[in-house]
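A.B. asks: Once you've had a glance at the structure underneath, I'll fire off some questions.
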Amino acid sequence: MFLMMRWFLPVLFLFFPVSSFGGELTVTDSLGRSVTVPAEPQRIIASGSGTLRLVTYLQAQDRIVAVDSAESRVSFIPARPYSIANPRFRDLPVFGEFRGLDNPELIAGLFPSPQVIFKVSPLSGPHPDQLTAKTGIPVVGLEYGDLTGKREDLYATLRMMGKILGKNRRAEEVITFFEQHLGEIARRTSDIPEENRPSCYIGGVSFRGGHGFTSTEPGYPPFAWTGAKNIAAGLAAGKSANVTISKEKLLEWDPEIIFIDMNTITAGEQADALHQLKTDPALKVLSAVRKGNLYGVLPYNSYTINYGSVLANGYFVGKTLYPERFSDIDPVKKADEIYEFLVGKPVFAIISDAFSGMVFSKIDPEGK
């Protein structure tokens, strides 16, 4: 077992208070609403970006009785591990559009009827109070959080969902799992001298869809966890998770190593990073492109953050930037270890095949 780091986040019992009485629980959700729900409901739906992912992490996916439109459609690229591991989701009834645009009439008509609606970003679509009024089903508002500055939100949500679902132990296991891996990455990289940290850049980062090479994230988690010298780190700090950087700035800063989020290929023909690197003369002069220091990483944002994938990316980024510190790590095996724990199946090969084997590999923009 990995040692827990000093910065382990405290248990935030003040978030989402829970009380129980006679087979019911009363919780205070992310909107500050007091919501009474059945204890350990066996029929649930998960509304909003990423909610079904968290249900899967808690091993309660067998209780899902309907899905939103993002799960029912055949995805162009299989980029969501929880969905790949649970193909049954595609055959379930649809209760509304994706990103929380729930349809109360569809929900009210479901049989068997859900006992609880878990809803991330609860103000997207119908207000939870209106949804309950029209369906008779309690709605619990949640915050999705992240694995950087909003970990406490993620962990509080996992704990509240775990309490409602009777999955307290599993919730703590998932939280401990994240903390141990983040601590392990930090342990391997925290004492590397600044002069031994090569400059780097992540391009093609998705945000509500695929984007091209100049789409990046100043706070890209694998860079933050490994103390990487991210050339975009100072851009739009605190304002946006995703920014578009100018080609002029890229050329000026000229990163030594470039990573490509492979979900860029969903941006469409001639709009994705790989096509741009192949055809744009300005990008071809970047040192990382000329020297072959261009690497593919797992899709990061696909129906919001893929926690397992971004954690696996942390190990690959660490090994690429500081190979001697990760000499014992096989990033592919590590990815499947992470997926097996979180979603129950080793799905790396399925994702990698969908991206022509470019994940965790060097990329040749010319396709040679």
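A.B. asks: Pull out all pairs, ordered by first then second residue, where Cβ-Cβ is under 7 Å, the residues are six or more apart or on different chains, the first lies in segment 219-247 and is modelled with pLDDT under 95, and the second is of a type in the set (D, E, K, R) and not in a helix (DSSP H, G or I).
C.D. replies: Going by the 7 Å Cβ cut-off, the qualifying pairs are ALA241/GLU217; ASN242/GLU217.
A.B. asks: Mind listing whichever residues of segment 45-95 are in a helix (DSSP H, G or I) and among the β-branched types (Val, Ile, Thr)?
C.D. replies: Kept after step one, since they are in a helix (DSSP H, G or I), are these residues of segment 45-95: 51-57, 61-63, 69-72, 81-84, 87-91.
Result: THR51, VAL55, THR56, ILE84.
A.B. asks: Just a yes or no: is a residue in segment 108-121 within 24 Å of the chain's Cα centre (by Cα), of a type in the set (S, T, N, Q) and on the phi > 0 side of the Ramachandran plot?
C.D. replies: yes
A.B. asks: Counting only residues that are touching a Pro at 6+ places or on another chain (Cβ under 7 Å) and open to solvent by 10 Å² or more (accessible area, probe 1.4 Å), give me the helices (runs of 4 or more DSSP H) lying completely in segment 246-332 with at least 1 of them.
C.D. replies: Of the helices (runs of 4 or more DSSP H) lying wholly inside segment 246-332, those with at least 1 residues that are touching a Pro at 6+ places or on another chain (Cβ under 7 Å) and open to solvent by 10 Å² or more (accessible area, probe 1.4 Å) span 273-279, 287-290, 307-321.
A.B. asks: From the residues in segment 339-352 that are in contact with a Pro (Cβ under 9 Å, 6 or more places away or on another chain) and outside any loop (DSSP other than H, G, I, E, B), which one is surrounded by the most Cβ atoms within 10 Å (Cβ to Cβ)?
C.D. replies: As a first pass, look at segment 339-352 and keep what is in contact with a Pro (Cβ under 9 Å, 6 or more places away or on another chain): 339-340, 342-343, 345, 347-348, 350-351.
Retained after the next criterion (residues that are outside any loop (DSSP other than H, G, I, E, B)): 339-340, 342-343, 348, 350-351.
Numbers: TYR339: 24, GLU340: 15, LEU342: 24, VAL343: 22, PHE348: 26, ILE350: 14, ILE351: 23.
The selected residue is PHE348.
Conditions tested, residue by residue: (1) aromatic (Phe, Trp, Tyr); (2) under 21 Å from LEU147 (Cβ atoms).
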position: GLY219; (1), (2): no, yes
position: PHE223; (1), (2): yes, yes
position: GLY227; (1), (2): no, yes
position: ALA241; (1), (2): no, yes
position: THR244; (1), (2): no, no
position: ILE258; (1), (2): no, no
position: MET262; (1), (2): no, yes
position: GLU269; (1), (2): no, no
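A.B. asks: While we're on this one: Would you pick out the residues in segment 139-168 that are closer than 16 Å to GLN180 by Cα and in a helix (DSSP H, G or I)?
C.D. replies: Step one: list which residues in segment 139-168 are closer than 16 Å to GLN180 by Cα, which gives 146-148, 151-152, 154-155.
ARG151, GLU152, LEU154, TYR155 - these are the residues of segment 139-168 that are closer than 16 Å to GLN180 by Cα and in a helix (DSSP H, G or I).
A.B. asks: Identify, from the list ALA79, ALA66, the residue that is closer than 12 Å to ILE305 by Cα and open to solvent by less than 10 Å² (accessible area, probe 1.4 Å).
C.D. replies: Values: ALA66 fails: closer than 12 Å to ILE305 by Cα.
Exactly one of ALA79, ALA66 is closer than 12 Å to ILE305 by Cα and open to solvent by less than 10 Å² (accessible area, probe 1.4 Å), namely ALA79.
A.B. asks: Cβ-Cβ below 6 Å, separation at least six or inter-chain, first residue in segment 291-316 and at pLDDT 95 or above, second of a type in the set (Val, Ile, Thr) and assigned to a helix (DSSP H, G or I): which pairs?
C.D. replies: Close Cβ pairs (under 6 Å, with a partner that is of a type in the set (Val, Ile, Thr) and assigned to a helix (DSSP H, G or I)) amount to TYR295/THR320; GLY308/ILE338; LEU311/ILE338; ALA312/ILE338; GLY314/ILE185.
A.B. asks: List the number of the failed condition for PHE177; all other conditions in (1) under 19 Å from the mean Cα position of the chain (by Cα); (2) of a type in the set (A, V, I, L, M, F, W, C); (3) closer than 22 Å to ALA70 by Cβ hold.
C.D. replies: PHE177 satisfies every listed condition except (3).
A.B. asks: Still on this structure, please answer the following. Among what's in segment 169-204 and is polar (S, T, N, Q) and not in a helix (DSSP H, G or I), pick the residue that is surrounded by the fewest Cβ atoms within 10 Å (Cβ to Cβ). Walk me through how you get there before you give the answer.
C.D. replies: Filtering segment 169-204 down to residues polar (S, T, N, Q) leaves 176, 180, 189-190, 196, 199.
Right, trim to not in a helix (DSSP H, G or I) and you get 190, 199.
Working: SER190: 11, SER199: 17.
Residue satisfying both the conditions and the ranking: SER190.
A.B. asks: Would you be able to say whether some residue in segment 328-344 is among the hydroxyl-bearing types (Ser, Thr, Tyr), in contact with a Gly (Cβ under 8 Å, 6 or more places away or on another chain), within 30 Å of PHE98 (Cβ to Cβ) and in contact (Cβ under 8 Å) with a residue 40 or more places away in the chain?
C.D. replies: The answer is yes, given that some residue of segment 328-344 is among the hydroxyl-bearing types (Ser, Thr, Tyr), in contact with a Gly (Cβ under 8 Å, 6 or more places away or on another chain), within 30 Å of PHE98 (Cβ to Cβ) and in contact (Cβ under 8 Å) with a residue 40 or more places away in the chain.
A.B. asks: Just to be sure I understand, how many residues within segment 122-135 are open to solvent by less than 60 Å² (accessible area, probe 1.4 Å) and in a loop (DSSP other than H, G, I, E, B)?
C.D. replies: Going through segment 122-135 one residue at a time, the tally reaches 4.
A.B. asks: With respect to the numbered conditions (1) closer than 26 Å to GLU324 by Cβ; (2) in contact with a His (Cβ under 8 Å, 6 or more places away or on another chain), which one is the sole condition not fulfilled by VAL205?
C.D. replies: It is condition (1) that VAL205 fails.
A.B. asks: Are any of the residues in segment 89-111 within 16 Å of VAL37 (Cα to Cα) and touching a Pro at 6+ places or on another chain (Cβ under 6 Å)?
C.D. replies: Checked against the condition, which is being within 16 Å of VAL37 (Cα to Cα) and touching a Pro at 6+ places or on another chain (Cβ under 6 Å), segment 89-111 yields no hits at all.
A.B. asks: What's the number of the only condition in (1) on the phi < 0 side of the Ramachandran plot; (2) of a type in the set (Phe, Trp, Tyr); (3) surrounded by 19 or more Cβ atoms within 10 Å (Cβ to Cβ) that PHE360 fails to meet?
C.D. replies: (1)
A.B. asks: Moving on. Kindly establish whether THR279 is of a type in the set (S, T, N, Q) and out of contact with any Ser or Thr (no Cβ under 8 Å at 6 or more places or on another chain).
C.D. replies: Judged against the criteria, THR279 is a match.
The values are calculated or read from the model by the stated rules, or taken from the named source; none is laboratory data. Computed from a predicted model, the values in this text were never measured in an experiment. Counting neighbours? That spans all protein chains shown, and the Cβs are built from the backbone with ideal geometry, glycine included. Accessible surface is based on the protein model in full, side chains and every heavy atom, while ligands, DNA and RNA are left aside. Shrake-Rupley method; radii C 1.70, N 1.55, O 1.52, S 1.80 Å.
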